[in-house]
Structure formats: C-alpha cells, structure tokens
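A short write-up of the structure that comes next.
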Amino acid sequence: MEQAEHAAKISVRNLSIYYGAKPALSGVTLDVPQNEVLAVFGPANSGTTTFLRALNRLCEIDHAVRIEGEVLLDGTSIYSPDVAVTEIRRKIGMVFEVPTPLPMSIFDNIAYGPRMNGTKSRGALDKAVEEALRMAALWDEVKDRLTDPAASLSGGQQQRLCIARVLAMKPQVILLDRSCSGLDPISTAKVEESLRQLAREFTIVIAPHNVQQAGRIADRVAFLLMGKLIEQGVTAQVFTNPTDKRTSDYIEGRFG
Amino acid sequence: MTKFREKIAQRGFMLVALSALSALALITIFIVAEGVPIIGKVGVLKFVFGMKWAPTQGYFGIFPMIVGSISVTLGAVILGVPIALCCAIFLAEYAPALMRNVLRPAIQMLAGIPSVVYGFWGLVFVVPAIRNYLGGPGLSILAGSIILAIMILPTVISISEVSLLALPPLYKEGALALGATQWQTIRRVLVPAAKSGIVAAIILGVGRAVGETMAVIMVLGNAVAMPSSILDPARTLTTNIGIEMGYASGEHQQALFATGIVLLIIIMILNSVAQFAFRRR
Amino acid sequence: MKLTPRNSEKFARTVIWSAAFGVIGLLFFIMAYILIKGTPSLNWQFLTQSPSDMGRSGGIFSTVIGTLMVTAVAIVVATPLGVGTAFYLTEYTREGPVTRIIRFSAESLAGIPSIVYGLFGFIFFVMYLGLGWSVLSGGLTLAVMILPTIIRTSEEAILTVPRMYREVSFSLGGTRWQTISGVIFRAALPGIATGVILGIGRSIAETAAVILTAGSSLRMPTSLFSPARTMAVHFYILAREGISMERAYGTAALMIILILLINVGANVLVNKFVARGR
C-alpha cells in the first residue's frame, strides 16, 4: 500500500456529527495523507460538506451540533478544549462553493487574514499578498489593479482570489468544498492546475462537484454515502476496481 | 490577548443591549412611582371615571379627557383609515413605478413633519373652516380628528402595504385566472387575506393618535368640560398633561403623572394586541 | 348605472387614484404653505441673530444652536447603544428569551407617547439626577426616544449582509469581534447611517419631550448643562402665544427644509449603497 509514503496529516477516528437528532456523519475513520490531494465524494447530502467543515471546526458555528469521535492534526486533537479554534482555522483553510470576495479591494481581500492575525507593516502585507497571488496563479492578472474592488473580477478569477486569500494565511491544509461548481471549464482547468501545483506544498482535501473531477486531480479518494464511509483508496484503484458495489454503482451513474 | 479582547467585546455588547430594557424599566418605575400616590389617595375609580377635573380645588377626575381622547381618535380612524387603505392598495397593486417613487417619499416626508407644524396648520386652516362652515368655535374635536387623520396616514399606509405585499402571489394570480377584475381580486381575496396585518396597522395608528400631543393641543380648544358634540372643544389625556405641566406642582403634578400611567397602560394594551394581530399573518 | 364588475373596477380605480393624489397634494399643500410664508424670513440676519424681546424681534440663532446641541447629545448617546444592541441581537445570540425581551422592550419604547417621555425626562433627568432643565436632559430624553428606531434600522442593515461573509471571516481564523469590525460593520454601514439620519430628523421635530426637559430659555446655551430652546419649541411658543407670526413661519420653514434635506439624504444613501449588497 502506498500509504506508507506520506504520513497522515489529519487522522479522523470514528467521527460522528449530529445536527439535532439526525446524524450527518456516522463513524467515519479516515486518514488524510500529507502533501496529497484527497477527494471526498458522494451524492448530495452524503455528509461531504459536513466532513470538510468538521476538519476546520466550521461546523461549530451552527449552534445545535453534536460532535463525537476524534480529529487529529499532526497527532493532536483539534477539538480539545485548550486548543484555540482560530489557530486551527488558520492552519486548515477553506475555499467555499460560491466565490465570495469580501466587499473590499483585491489587496484588502488577501490581506484580510494576515491583518487579523497581527501582521501590520505595509511591507510584510505587500509581500504576503504577492506570494499568495502568485501561488494561486492570479498575480499576473491583477498585479496592476490591486486596489480595484474584488467584485470586479470574473467568476474564475474570484475563486482563485479566494484560494489566494486562504494561501495568505500560510496554512498546512486546504479544504475545497465544490469550489469549481459555478465555473466555466476553462476557469475550472486553471483552478485544477493550481491545485496540482499546490499539492506539493500543502495537503488538500476536496469535495469535488462531480466524480470526474476527482478522477482528474485526486491522488486518493473516499466515497461517502448517507454519512458513512463506504470505501477509500488510491484513485485509480477505487475507480477501476472498487470493492463495494455501491461505489461502482455511483461512479457509473446508476444512482446519484 | 485576542481572547481577552473577545471577552470584553462580548460583555460590552451584552451590556449595551440591556439599555433598551433598562430604559423601559426606568420609565415605568419613575412614572408609576410619581403617579401612584395620587391615584391611591383619590381612588382608581374616582380618578378614571370622575367627571370633574379641577386640580386646584382637589378634583382629579379624568373622564372628560378620556372621552376627548376616544372621540378624537375615533374621528381620526374614521377619516384616515379609508384613505390610508386606498393608498396602501394603490402602492401594492395599482401604482406604476413612477407614482410609487413619488408617493413613498411623500409619505415619508409626511411622517417627518413636526407635529407642532401640523397643529399650527390646523389652527390656521382647519379651525376657521369649521367655524365658518359648520359653526361652533372651530377649535373642536373635529379639527383634532382631521389633523390626527393626516398624521396617522404614514403609519397605517406603510404597515398595510407591507401586509399586502407579503401575500403569496398565488392568491392574486389564482383570482385573476378565474376571471376576476383587479378590484374584485383586491376586495374579495387580497384584503381579507391581509386582514391581520391591516388590523395591526390600524391599531398602531390608533396608538399614534392616542399619544399625539402637540398637533392637537393647538386645535382642540382645551375646554375641561365634557364635550357633547364633535364641534365642541375638548381636552385629551395628552393635551391635559401638555397644557398643565408647565405650571403644575405638588398633587396637581402627581395627577398629571397618573394620567401618564393611564396612557402607558393604554399603549401597552394596544401594542400587545397589534403584535398579536401582526404575528398571526 | 349598473353595478357591473367593470363599473366597480372603474369606480374603485378612481377612488384609489384620487386618494393617492390627494395625499401627495396634501403634503405639497402643507409644505408649500409653510415654505411660502416662511422662506421670506430666512435671511442671514434671521439665522445668525438671537431672539430678543421674548422672540418678538431678532432671529432664531440661539434656538438653532439649541437644536444642534440637543440633537448631538441624542445621537451620540443613542447610536452606540442602538447599533451595539443590534449587533448583539444578530451576532452574539440566537433567537430565544433574551432576544425576545430586548425586542419587546424596544418595540414598547417605540410606542410610548412623546409627552410621557417628557414626563419621564423631567422626573428622572431634570429632578432625580439633578441635571436641571438642560441640553443634557433634553438630549438624553431624546436619545431614549430614538433608540428603538436606530435598533430597528441597524438590525435590518446587519441582516442584509450576506451570511457567507461571516463564514469566510471565521474560516480565516477570525473571531466574532474581528468579523464584526472587519467586515460586517462596514457592509452594514449605509443602512445604519440611514437610521441615524432618520433619528436626527426625529430629534429636530420633537417638541413635547424637549419642552419639559430642556426648558424654554432663550439664552444661548453655553454648555451641556445650560437650558436651551430648540427650534420646534420656539415655533410652538411663538405660534401659541401669537408673539410673531412672521418669525414662527420662518422657524417652521427652516425646520421643514432641514427635514426635507434629511429625508432626501437618507433616500440617496439607501438607493446608492444599501441596494447594492446583494
């Protein structure tokens, strides 16, 4: 098994999440290997979004949530009471489904996170913004218009802005929740290319908006159905030779 | 460090949010504290139903003022609500965008005009008109009703309009699809469906009318005796306070605070009924 | 004429359109009357000279200053309290008994008659706290009066800010306070400003509460503790006592113009900035 190549960056052990009485996730146990792209896919309401939001504790902002099980980042539980949730979220960043530029300039959008984190000097912010935009492959397109409102960018550019915004925090893990679902194929291709590059430095977990995307960019995949983990493994293996019938049914489109 | 600042921010907001409650509590406590002693001395029934108000001689009956308030308010509702409903229906159903953009700011402006200006305008126009065409001194309940009718228009119009606009489009489309005319749809389907919201609007308009002082103080004539027709001058609970507070002291002043208690109770009841009606829509 | 659906439709339309035009016409009539009779008095002298001889001559300068000072106190006190309450209700708590009590308080405050506010301001600020008839007493009383308006408009403004902004800010490691001060406040600002502007308009127009708390002294107010007469109170006294019709109209005209500017300003804010956010 190739799992020995990369240590587990995030370990999920028996994770169950309840919104009210209904379980959104039941007993999920999964390792997210370092510096790899893991795609967590499944039909609607399978818990893929819940799973991602459990990794950066964003599920907590919906008040009535109950969390059981463990999520470990580099061996330490991220849910333990003496852990600062803001720290976790800086290390584990998230890009959302709909590109959401904040109502400010391109520069201020990228600088938003570092400013909150305490970076004040103009020089440091300039550097952080440029680095982030370069990594998101957006720098060349916006370097002359950093003070323009971020809303003036196209959809694809906005989503890369959101990725740059996360990168400016120098995270260790990047979560993407169906982040290409509103984008045209060309923009999607650009984003996917950036992700492949980013995977060399970061650990990436993506909930793809269709199975084909998982096939294109993921090193490993995990199939969730109704909150339960059905199958996981190396992409090529799961797609060509799935061990569970439900996996092959979903991949081949017999349900969804 | 940030955690500390965060705690302070949360506590700060919580403290600030208690300001509305504290203000309400303070108002209630102080008005009641100042007014209850005189009610205790005179007796609730004698205070509320007493026919004679002559504080310097020891008479503290506010019933003539209650009658004044009720008459003026009733008149305002009779005169104002139909016009307000027409405007609300107009805004919700008939108005082209241009008219909406004229009427809505106009209503906003009507709401912004100081009540003293309304009162003065009433004094200069309405009062002489009544005196010349209908007789009596002109300073009358009718004058007060007319002024108040104008003043409650914004309140009743805006809440009624909101209620009409909140109706599911299905109601209107269904009726029109059955061949009803626009007016038939409005009369038989939309207005009845928006009934609770419209009722709430009217009740809040009543509350506004009952609470108004400066607009009516100039046109009502301020006679302390019980009015017998709408052409008679009168006093309302509010104008009573407004006129006499300037020179009242001792028990007299306490009696005015006691009138304030009565006003508070009336408003509380009206507000609760309006809330109840509004929630039901 | 037969009562057919077509006829009643026509009749209804006529009535309804007349009502609408009637209301617009009424507004113009009242405003035109005051402005026509009042603007001739509005010259530089009128505005910069203080009243003399109990208001029979002179200008209205001290009342303008009085209005400005009282309104300023009201806004400075009510805005932080109102905006803070709105943020507390939307950002720090869920709907529950606490929010219901706060909303009930705000709605009740909104319904209390202005004369009762005058009574309260008199017994609490003037007497109990010993502030006397003063700018401070008047301003604080007005602050409580406009508090519900500011809470309501601020809350509406905050609720129009897209939910995703909060998620983005939290996911970047932001705390609640950082999210409010970094994104939400700035996004809700136009709506909040509109509420404040409307509160200013309300303060200028208010008479009953002010006359019982700020007094009616014509002397130029020199501090927060000086008694003061606002334009609205001045207008009332001039008109009621028949002291000077000319000056009464002038004062009323000035008030109407200010309130008109305020309403226009608020509308411009709403149209230009608030509609945008979606």
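No lab work stands behind these numbers, since they all come straight from the coordinates. What you are looking at is a predicted structure, and each value in this text was computed from that prediction instead of being measured. In this analysis, Cβ positions are derived from the backbone assuming ideal geometry, glycine residues included, and neighbour counts consider all displayed protein chains.
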Quick check: the distance between the Cα centres of the range A:1-73 and the range C:9-79, to the nearest angstrom? 64 Å
Please identify the helices of chain B, taking whole runs of DSSP H, that span at least 27 Å along their own axis as judged from the Cα atoms and have a mean Kyte-Doolittle score of -1.0 or higher. B:19-42, B:63-89, B:141-165, B:250-279
Surrounding charge for A:Leu52, neighbours by C-beta under 10 angstrom, Lys/Arg +1, Asp/Glu -1, total +1
Can you put A:Lys9, B:Lys41, A:Lys120 in order of Cβ neighbours within 10 angstrom, beginning with the fewest? A:Lys120, B:Lys41, A:Lys9
I need the helices of chain C that pass two filters: whole DSSP H segments spanning 18 Å or more by Cα along the axis, and mean Kyte-Doolittle score no lower than 0.0. C:5-38, C:61-87, C:97-111, C:135-159, C:185-205, C:245-269
Show which lysines lie in cross-link reach of B:Lys195 when reach means a straight Cα distance below 30 angstrom and same-chain residues fewer than eight apart are skipped. B:Lys172, C:Lys2, C:Lys10
Below 8 Å, C-alpha to C-alpha, sequence gap of six or more: please give me the relative contact order for chain C in percent. 28 percent
How shielded is B:240-253 by partner chains, expressed as the average number of their Cβ atoms within 10 Å of its Cβ atoms? 2
Dividing the alpha-carbon radius of gyration of the protein assembly as shown by 2.2 N^0.38 Å (N being the number of residues), what value is obtained? 1.17
Starting from the Cα coordinates of the range C:67-229, work out the convex hull volume and express it per residue in Å³. 115 Å³
Taking Cα centroids, how far is the range B:197-233 from the range B:1-50 in Å? 27 Å
Can you give the angle from 0 to 90° between the axis of helix A:122-135 and the longest principal axis of chain A, with both taken from C-alpha atoms, to the nearest 10? 50 degrees
Estimated FRET transfer efficiency when R0 is 60 angstrom, pair A:Ile186-B:Arg279 (beta carbons, to 0.05): 0.70
Distance (nanometres) between label positions extended 7 Å along Cα→Cβ at A:Arg196 and A:Thr243: 2.9 nm
Hull volume per residue for the range A:2-251, using the convex hull of the C-alpha atoms, in Å³ is 126 Å³
Burial-style ranking of B:103-111, A:36-44, C:211-219, average other-beta-carbon count within 10 Å with highest first, yields C:211-219, A:36-44, B:103-111
Karplus (6.51, -1.76, 1.60) ³J(HN,Hα), θ = phi - 60°, over the range A:141-158, in Hz, Gly and Pro reported as x: 6, 10, 4, 9, 9, 5, 8, 5, x, 4, 5, 7, 7, 6, x, x, 5, 4
Can you list the lysines whose alpha carbon sits under 26 Å from that of B:Lys41, skipping same-chain ones fewer than 8 residues off? B:Lys52
Euclidean distance between Cα centres, the range B:237-252 to the range A:172-218, Å: 75 Å
For chain C, place one equal point scatterer on every Cα, skip the solvent, and apply the Debye formula. What is log10 of I(q)/I(0) at q = 0.08, 0.10, 0.14, 0.16 Å⁻¹? -0.45, -0.66, -1.04, -1.19
Within straight cross-link reach of A:Lys245, meaning Cα distance under 30 Å, which lysines are found once same-chain residues fewer than 8 apart are removed? A:Lys9, A:Lys22, A:Lys228
Most exposed first by the Cβ proxy, i.e. fewest other Cβ within 10 Å, how do A:Cys59, B:Cys86, A:Cys180 rank? A:Cys59, B:Cys86, A:Cys180
For chain A, longest principal axis from Cα atoms; helix A:185-198 axis from its Cα atoms; angle between them, nearest 10 degrees, is 90 degrees
Enumerate the amide H contacts of A:Met94 below 5 Å, restricted to partners 5 or more residues apart or on another chain; note that Pro and chain-start residues carry no placed amide H. A:Leu175
Order of B:Val81, A:Val129 - criterion: other Cβ atoms within 10 Å of each residue's Cβ, fewest first: B:Val81, A:Val129
Take the alpha carbon atoms of the range A:211-251, find their radius of gyration, then divide it by 2.2 N^0.38 Å using N residues; give the quotient. 1.03
Over the whole of C:173-184, what's the average partner chain Cβ count within 10 Å per residue? Rounded to a whole number, please. 6
Projected area averaged over orientations for the range A:66-165, convex hull of C-alpha atoms, nm²: 8.0 nm²
Extension gain C:Arg100-C:Leu47, at 0.36 nm per residue separation less the Cα-Cα distance, in nm? 14.4 nm
Label-point separation in nm, A:Tyr19 to B:Val32, each point 7 Å along Cα→Cβ: 4.4 nm
Please report, in debye to the nearest 20, how large the charge dipole of the range C:67-229 is about its Cα centre when each Lys and Arg carries +1 at its beta carbon and each Asp and Glu carries -1 there. 100 debye
Shielding by partners for C:81-94, please: the mean number of other protein chain Cβ atoms within 10 Å of each residue's Cβ. 4
Can you tell me the mean projection area, over all orientations, of the convex hull of the range A:135-196's alpha carbons? Units nm², please. 4.4 nm²
In whole Å, largest first, what are the principal axis extents of the Cα atoms in chain B? 75, 69, 32
The range B:154-281 shape via C-alpha gyration tensor axes, a/c threshold 1.5: prolate
Using the basic label-point model (7 angstrom from Cα toward the beta carbon), what is the B:Ala129 to C:Arg163 distance in nanometres? 5.2 nm
